[in-house]
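Written below as structure tokens is the structure these notes are about.
The values are calculated or read from the model by the stated rules, or taken from the named source; none is laboratory data. Quick caveat: nothing in here was measured; it's all calculated off a predicted structure. Here the Cβ is made from the backbone with ideal geometry for all residues, glycine too, and neighbour counts use every protein chain on show. For the accessible areas, the whole protein counts, side chains as well, though only heavy atoms, and no ligand, DNA or RNA atoms are used. Shrake-Rupley method; radii C 1.70, N 1.55, O 1.52, S 1.80 Å.
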Amino acid sequence: MRIPVHQLPHGLGLDLPAYATAHAAGMDLRAAIPEGETWELAPGRRRLVPTGLVMAIPPGFEGQVRPRSGLALKHGVTVLNAPGTIDADYRGEVQVLLVNHGEEPFLLRRGERIAQLLVAPVAAWIWVPEPSVELLGDTDRGGGGYGSTGR
Ligand SMILES: O=c1ccn([C@H]2C[C@H](O)[C@@H](COP(=O)(O)OP(=O)(O)OP(=O)(O)O)O2)c(=O)[nH]1
């Protein structure tokens with residue numbers, strides 16, 4: 001599968017997102033912040049981090065911007081809107097909304113791996129309105145939820 005991608009000027013020189021291992025699901029996204037700058041993410045604060053990437057995800061697929069577990073475990077830094085959705089028709093820069101849930105400021109530098117991108121299939125659905133709830137069909141669960149099956 002191929003995804004046309006364009007690196008904006010501030011992203012040039014950074015590696016394209018890549019799978020770290022043979023069967024990895026996600027490709028790491030890198031921070032396209034200016035060379036030599038250090039961005040501080042203070043505890044409790046959020047920041048939109050550029051990737052320098054514009055992509056054309058094929059119709060029928062979506063991009064999911066997910067956190068990296070290592071950043072979450074070591075620093076409390078995660079993707080605030082996880083999973084962020086990259087629509088197939090989006091032609092703006094992919095950005096990552098990071099939040100620092102940790103106790104220490106998190107320092108971010110150019111090229112750092114900040115999140116991972118998964119490209120997954122999505123189906124387009126249409127609603128079929130039914131005049132009564134019975135027409136939706138009976139199930140074992142029925143309306144049970146929120147712990148109805150036990151702990
Ligand atoms: O983490 C994210 C989430 C979204 N986007 C881009 C791609 C996506 O296609 C577009 C719109 O995202 P979304 O639908 O989540 O935004 P919205 O808040 O619903 O705004 P809109 O009215 O633009 O759809 O923003 C990102 O770059 N990073």
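A few points about this structure:
- Spatial offset of the stretch 8-56 relative to the stretch 86-140 amounts to 18 Å, using the alpha carbon center of each.
- Exposure ranking of ILE86, ILE126, ILE3 by accessible area [1.4 Å probe, largest first]: ILE126, ILE3, ILE86
- Computed FRET value (nearest 0.05) for TRP127 with ARG91, which takes r as the C-beta separation and R₀ as 22 Å: 0.20
- Low-density loop positions, GluC sites (Glu not before Pro), the stretch 34-129 - DSSP coil, at most 14 other Cβ in 10 Å: GLU35, GLU37, GLU103
- Summing +1 for each Lys or Arg and -1 for each Asp or Glu among the other residues whose beta-carbon sits under 15 angstrom from that of ARG110 gives -2.
- Prolate/oblate/rounded label for the stretch 36-151 (Cα gyration tensor, a/c 1.5): oblate
- Across the chain, the longest piece that holds none of the chymotrypsin sites (Phe, Trp or Tyr not before Pro) lying in DSSP loops with up to 11 other C-beta atoms within 10 Å covers 1-124.
- Listed values for the stretch 108-115 are Karplus-derived 3J(HN,Hα) couplings in whole Hz (6.51 cos²θ - 1.76 cosθ + 1.60, θ = phi - 60°), namely 10, 10, 4, x, 5, 7, 10, 6, and x replaces Gly and Pro.
- The stretch 2-85: C-alpha gyration tensor shape, a/c 1.5 cut-off, then a/b vs b/c: oblate
- Average Cα contact separation per residue, the stretch 1-56, under 8 Å, 6 or more apart, as relative contact order %: 48 percent
- Ranking VAL119, VAL65, VAL128 from most to least accessible surface, computed with a 1.4 Å probe over the protein chains only, gives VAL128, VAL119, VAL65.
- Carbon + sulfur, % of accessible area of the chain - ligands and nucleic acids excluded, 1.4 Å: 54 percent
- The stretch 37-76: trypsin sites (Lys or Arg not before Pro) in DSSP loop, at most 14 other beta carbons within 10 Å: ARG45
- Between the beta carbons of ASP15 and GLU104, assuming R0 = 30 Å, the FRET efficiency works out to 0.65 to the nearest 0.05.
- Heavy-atom surface of the chain, accessible at 1.4 Å and reported per residue (Å²): 68 Å²
- Gain in span if fully extended, ILE3 to ASP140, counting 0.36 nm per residue against the direct Cα distance: 45.1 nm
- Exposure rank, largest accessible area first [SER69, SER132; 1.4 Å]: SER69, SER132
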